[in-house]
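Working notes for the structure below.
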Amino acid sequence: MNRDRAEFRRSIQGLAPGEWNALGAGGNPFARHEFLAALERAHCVGHDTGWEPRYLTLQDAHGLAAAAAAFVKTHSFGEFVFDFAWARGYERLGRRYYPKLTLATPFTPATAPRLLVRADLDHASLADRLLQQLERYATGHGLSGVHALFLDEPARAACARRGWLLRRDCQFHWTNRGYASFEDYLATFTAEKRKKARRERRRVVEAGVRFETRLGGELDEALLERVYELHRDTFLRHGHEPYLTRTFFSEIARTLPESLMVKLALHGRSVVAAAIFFRSPEALFGRYWGAVADYHSLHFETCYHQGIEYCIERQITRFEPGTQGEHKVSRGFEPAITWSAHYIADADFRAAIAEYLSREGAAVEAYALEVQGHVPYRGRRGTRRIA
């Protein structure tokens, strides 16, 4: 490869979707050209958002050889890997933490391919080249460092080889172990937890709520408006507007109709709640939800039980419902370690952050093992390897 063919682009829209997706985005919706382009077109990223695109591309004689979606950040919101304390440490010493460079899918706390490489090329060497270019961009533009978030295993290994600082966090994921039905799944619970799950589901039915599943291509603008307003209300209750604009959902329903999925909760003919998911052949990703009233157990049913049932029916291997939430454990979700990697340009800060991450990592591992002791499954408490 000609080593002079590296380029940082301020928009993904000049790149061919087929070429980008052929680099290994695969079925993961959050790594695909369509998802990233929708964020741009809907003005979720770009001017005055604090997410300025810097798409790194490597070209060879056959076209696009490797790429990474990176953003110059002037804040840390929408990342879900929290480094606010690091920024305060810089400020106390009169240094600038922002701007920084972030390698991630904006507003998306889900593991996805980060260092995309064409299948006919050596992934390890091209991934290393991408990381070199990101480091050079950061140091050459006065950025405090590079932060690669929610890494898949190839990207984690590549960052480790270059000596980036690795950071652990804990989410709660559900694994499909070949269940024939939801009742077959519940049969693996202890009697107490099984009774609780059935009671939660029964209360929703007794309230007269039923569910429909709609893919992106089955959502007209009126229904998209309803779903958006429900999810927006959840954000407003927490004091801020949603990260994603209304236009984004129209864009993604149009460009990734098979990846967007919505569970509608209906009472009579009225939509009283909705949960927004994305899906790949291997995984279901829970993202947002909203409801017009506080129906008993409706949140658990819409966001968790309905998602699990969907995975069982379609033989989807994994369900990632989003960040945080120990309440997920009693519904069958188990602790799973997620990874980020950090290139810190300043040597003194790098050493201090490395020491912090060593302590934090041990605490995260201990927490995950402790939580594993509370899963509802018969005979599996404390036995699952946390990874």
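The values are calculated or read from the model by the stated rules, or taken from the named source; none is laboratory data. Owing to the predicted nature of the structure, the values given are computational and were not obtained by experimental measurement. Positions of Cβ are generated from backbone atoms using ideal geometry, with glycine treated the same way; all protein chains shown enter the neighbour counts. Only protein heavy atoms, including side chains, enter the accessible area calculation; ligands, DNA and RNA are left aside. Shrake-Rupley method; radii C 1.70, N 1.55, O 1.52, S 1.80 Å.
Tabulated values for the structure
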| item | result |
| --- | --- |
| Residues of segment 210-325: accessible area per residue with a 1.4 Å probe, Å² | 43 |
| CD proxy at 222 nm, helix term only [per DSSP H run n ≥ 4: -39500 (n - 2.57); per residue of the chain; nearest 500] | -10500 deg cm²/dmol |
| Within-14-Å neighbourhood charge of Tyr288 [Cβ basis; K, R +1; D, E -1] | +2 |
| Other-chain or far-sequence residues with amide H under 5 Å of His173's (modelled H) | Glu334, Ala336 |
| Net charge of neighbours whose Cβ lies under 14 Å from the Cβ of Cys303, counting Lys and Arg as +1 and Asp and Glu as -1 | +1 |
| Spin-label pair Arg314/Ala157, simplified geometry with 7 Å Cα→Cβ offset, distance in nm | 3.0 |
| Summed residue charge, Cβ within 12 Å of Trp20's Cβ, Lys/Arg positive, Asp/Glu negative | +1 |
| Computed over segment 248-387: relative contact order in percent, which uses C-alpha pairs under 8 Å that are six or more apart | 16 |
| The chain: angle of helix 123-140 to the longest principal axis, Cα-based, in degrees nearest 10 | 70 |
| Degrees, to the nearest 10: 191-206 long Cα axis against longest axis of the chain | 80 |
| For the chain, share of DSSP beta bridges that run antiparallel, in % to the nearest 5 | 90 |
| Packing rank of 53-66, 248-261, 229-242, where each peptide gets the mean count of other beta carbons within 10 Å, highest leading | 248-261, 53-66, 229-242 |
| Percentage, to the nearest whole number, of Cα pairs in segment 176-256 over 16 Å apart | 69 |
| Per-bin percent of Cα-Cα distances, the chain [10 Å] | 5, 22, 31, 26, 13, 3, 0 |
| Tilt relative to the chain, helix 221-237 - C-alpha long axis, 0 to 90 degrees, to 10 | 80 |
| Relative contact order computed over segment 230-279 (Cα-Cα under 8 Å; 6+ residues apart), in percent | 30 |
| Solvent-accessible heavy-atom area per residue, rounded to whole Å², over segment 1-115 at 1.4 Å | 40 |
| Whichever aspartates and glutamates have a C-alpha closer than 14 Å to that of Lys328, once near sequence neighbours (fewer than 8 apart) are set aside | Glu200, Glu301, Glu320 |
| Proximal lysines relative to Lys73, as straight alpha-carbon distance under 24 Å, when same-chain residues fewer than 8 apart are discounted | Lys100 |
| Two-site label geometry, Glu225 and Ser11: point separation in nm, points 7 Å out along Cα→Cβ | 2.9 |
| Rule-of-thumb Rg ratio for segment 234-387 [Cα; 2.2 N^0.38 Å; N residues] | 1.27 |
| Accessible area of the chain belonging to carbon and sulfur atoms, whole % at 1.4 Å probe | 50 |
| The chain - percent relative contact order, Cα under 8 Å, separation 6 or more | 19 |
